[in-house]
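The values are calculated or read from the model by the stated rules, or taken from the named source; none is laboratory data. This is a predicted model, so every value here is computed, not measured. For neighbour counting, all protein chains shown are included, and Cβ atoms are generated from backbone atoms with ideal geometry for every residue, glycine included. These area figures cover heavy atoms from the full protein model, side chains too; ligands, DNA and RNA do not enter into them. Shrake-Rupley method; radii C 1.70, N 1.55, O 1.52, S 1.80 Å.
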Amino acid sequence: RGLGDVYKRQTYPRTDARVLSTAVAKEIHKNLNGLMQYEPAKPYLQDIVGFGSHKGLEKTRYVNDKQITDHYAIIPTGQGTGGLKGLPNLSQKVYDVIVRRFLSIFYPPAVYQKVAIVTKMKEESFFSSFKVLAEEGYLKVAGVPGKKSDGEDTDAAFFDKIQGLKKGMTLPVQSLDIKEGKTSPPKRYNSGSLILAMENAGQLIEDEDLREQIKGSGIGTSATRAEIVKKLVSNKYIALNKKTQIVTPTLTGEMIVNVVSASIGSLLNPTLTASWEKGLTYVAEGSVTEEEYMQKLDKFVTQKTNIVKQNNFQYQLRPVSYTHLRAHETLSDL
């Protein structure tokens, strides 16, 4: 028993959609009524009744029939809450996250106050800026980032002191410190962040139309991304540390990337995926026929295959492969 039991209490778990349909929005009160049996949700449901925000949900940005391809976003059904205590702790936490995310859409936005301070010592100026939460809004349900478990709000206390400052005031300097540091390389992906990177693979595409085309889809689907990563691990193209969940490339994986990069480099670029997705959109709209699309796809595959067959990339790959082999030998010696 585990996540499968959680999914029974949610709507379709294999969807990519982040919006609801108009039909569901009009019946959303049934989901909310069901959640009255879930104790942690009660105080928030009382707020929502006071707001009356559940009545006009279909007019908000959370409802858009055009953005739904297979199924609307995951939401709690409001059923089966009585059996939650019998589930593993992790499953209970997953359910709670989904419920809180769902209830958050009925709350107003969070409001922050921004503060900027400029102080001068002789001819040197020092700039400070920070933000303080003024109105919790939906964060009352989702949780305020950085807030201590004991409820102490150090930002608010600091903000109160800042409000007492006036332009031209002279302040005492208690200490001056120079902080030395080094830049750090980007963090390695873990199993979770890699799946997010796959989902948002198009973020680095410069072409605005293509970037928009791949937005929300990326590499794979919500139902297949985890399986793709799992297969890469089982094929030993990447290594996954079971304890830290950190993902690292294997020698085999790096060699495959080098081979593809030298022969059909476009396969490693999300722009290619986006361009074919754009073509499929044209087919759906009727501006391009299915035959035309398949002809272009067939031509692309044929051309790229012939390039590989007719060229010898060994000379390009030898220096790169040697460098990677030496790097892995060095790492194995550590």
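Side notes on the structure shown:
- Search result, residues across segment 268-287 that are open to solvent by 70 Å² or more (accessible area, probe 1.4 Å) and farther than 17 Å from Gln203 by Cα: Leu280, Tyr282, Ala284, Glu285, Ser287
- The residues listed here are Glu27, Glu58; of these, the one that is free of Cβ contacts under 8 Å to residues at least 12 places away in the same chain and either in contact with a Pro (Cβ under 6 Å, 6 or more places away or on another chain) or open to solvent by 30 Å² or more (accessible area, probe 1.4 Å) (or both) is Glu27.
- For first residues located in segment 253-266 and polar (S, T, N, Q), partners that are open to solvent by less than 70 Å² (accessible area, probe 1.4 Å) and not in a helix (DSSP H, G or I) and lie 6+ apart or on another chain with Cβ distances below 7 Å form the pairs Ser263/Phe313.
- Failed item in (1) of a type outside the set (A, V, I, L, M); (2) under 28 Å from Thr221 (Cα atoms); (3) modelled with pLDDT of 85 or more; (4) part of a helix (DSSP H, G or I), with Lys42 passing the rest: (2)
- Residue list for segment 75-106, restricted to those being at pLDDT 90 or above and assigned to a loop (DSSP other than H, G, I, E, B): Ile75, Ile105, Phe106
- Residues considered: Tyr293, Tyr315. Of these, the only one that is loosely packed, with under 11 Cβ neighbours inside 10 Å and among the aromatic types (Phe, Trp, Tyr) is Tyr315.
- Among the residues of segment 192-214, those identified as among the charged types (D, E, K, R) and more than 11 Å from the chain's Cα centre (by Cα) are Glu206, Asp207, Glu208, Asp209, Arg211, Glu212.
- One residue from Lys296, Lys309, Lys278, Lys304 being assigned to a helix (DSSP H, G or I) and touching a Gly at 6+ places or on another chain (Cβ under 8 Å): Lys296
- Residues that are without any contact (Cβ under 8 Å) to a residue 12 or more places away in the chain, out of contact with any helix residue (DSSP H, G or I) (no Cβ under 9 Å at 6 or more places or on another chain) and either open to solvent by less than 100 Å² (accessible area, probe 1.4 Å) or over 30 Å from Glu58 (Cα atoms) (or both) occur in segment 109-120; there is at least one.
For every residue, the table says whether it meets (1) among the aromatic types (Phe, Trp, Tyr); (2) at pLDDT 85 or above; (3) open to solvent by 50 Å² or more (accessible area, probe 1.4 Å).
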{"site": "Leu171", "(1), (2), (3)": "no, yes, yes"}
{"site": "Thr183", "(1), (2), (3)": "no, yes, yes"}
{"site": "Ser191", "(1), (2), (3)": "no, yes, no"}
{"site": "Met198", "(1), (2), (3)": "no, yes, no"}
{"site": "Asp209", "(1), (2), (3)": "no, no, yes"}
{"site": "Lys215", "(1), (2), (3)": "no, no, yes"}
{"site": "Gly218", "(1), (2), (3)": "no, no, no"}
{"site": "Arg225", "(1), (2), (3)": "no, yes, no"}
{"site": "Ile228", "(1), (2), (3)": "no, yes, yes"}
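- Index of the failed condition, Ala17 passing every other in (1) open to solvent by less than 30 Å² (accessible area, probe 1.4 Å); (2) aliphatic (A, V, I, L, M); (3) over 22 Å from the mean Cα position of the chain (by Cα): (3)
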